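Written below as structure tokens is the structure these notes are about.
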Amino acid sequence: MAKGKNQHVVKHPDGWAVKGEGNSKATKVTRTQAQAIEKAENIARNQKSDTKIHGVDGKIRAGNSYGNDPCPPKDKK
């Protein structure tokens, strides 16, 4: 299965938006960042892609991989 687009959670005039990487339009707009993160994670799991969580300043502050991560973490929690 081909890997889907990474899902970005970004600030939006109406709250927070989930956008597929490279898309100009939002997939979903929510009132809170937490709602947008939940939606982005669901999409990323289905598409075996990554999430990129942006802060209010636009910089990536967090993310997760739901596909085949070429650089998995070395710690074994």
Under a plain spin-label model, where a point goes 7 Å from the Cα along Cα-to-Cβ, how far apart in nm are Val56 and Cys71?
3.0 nm
To check you understand DSSP bridge types, tell me what percent of the beta bridges within region 7-55 (both residues inside) are antiparallel, rounded to 5.
75 percent
Residue-by-residue Karplus 3J(HN,Hα) for region 49-59, coefficients 6.51, -1.76, 1.60, Hz, glycine and proline x
10, 10, 10, 10, 9, 9, x, 4, 7, x, 7
Considering only the other residues whose Cβ falls under 12 Å of the Cβ of Gly15, what net charge follows from Lys and Arg at +1 and Asp and Glu at -1?
+3
Please provide three numbers in whole Å: the alpha-carbon extents of the chain along the principal axes, with the largest listed first.
38, 27, 18
Ranking Lys25, Lys5, Lys19 by Cβ neighbours within 10 Å, fewest first, what do you get?
Lys25, Lys5, Lys19
What's the angle, to the nearest 10 degrees (0 to 90), between helix 33-47's Cα axis and the longest principal axis of the chain?
40 degrees
Given the rule -39500 (n - 2.57) for each run of at least 4 DSSP H residues, summed and divided by the residues of the chain, what is its mean residue ellipticity at 222 nm, to the nearest 500 deg cm²/dmol?
-6500 deg cm²/dmol
So, with +1 on the Cβ of K and R and -1 on the Cβ of D and E, and no other charges, what is the size of the charge dipole of the chain about its Cα centre, to the nearest 20 debye?
80 debye
With an 8 Å Cα cut-off and a minimum separation of 6 or more residues, compute the relative contact order for the chain in percent.
29 percent
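Here, each number is a calculation from the coordinates, and none is a lab measurement. Keep in mind the model is a prediction, meaning the values are calculated, not measured. Reconstructed Cβ throughout: ideal geometry from the backbone, glycine too, with neighbour counts over all protein chains shown.
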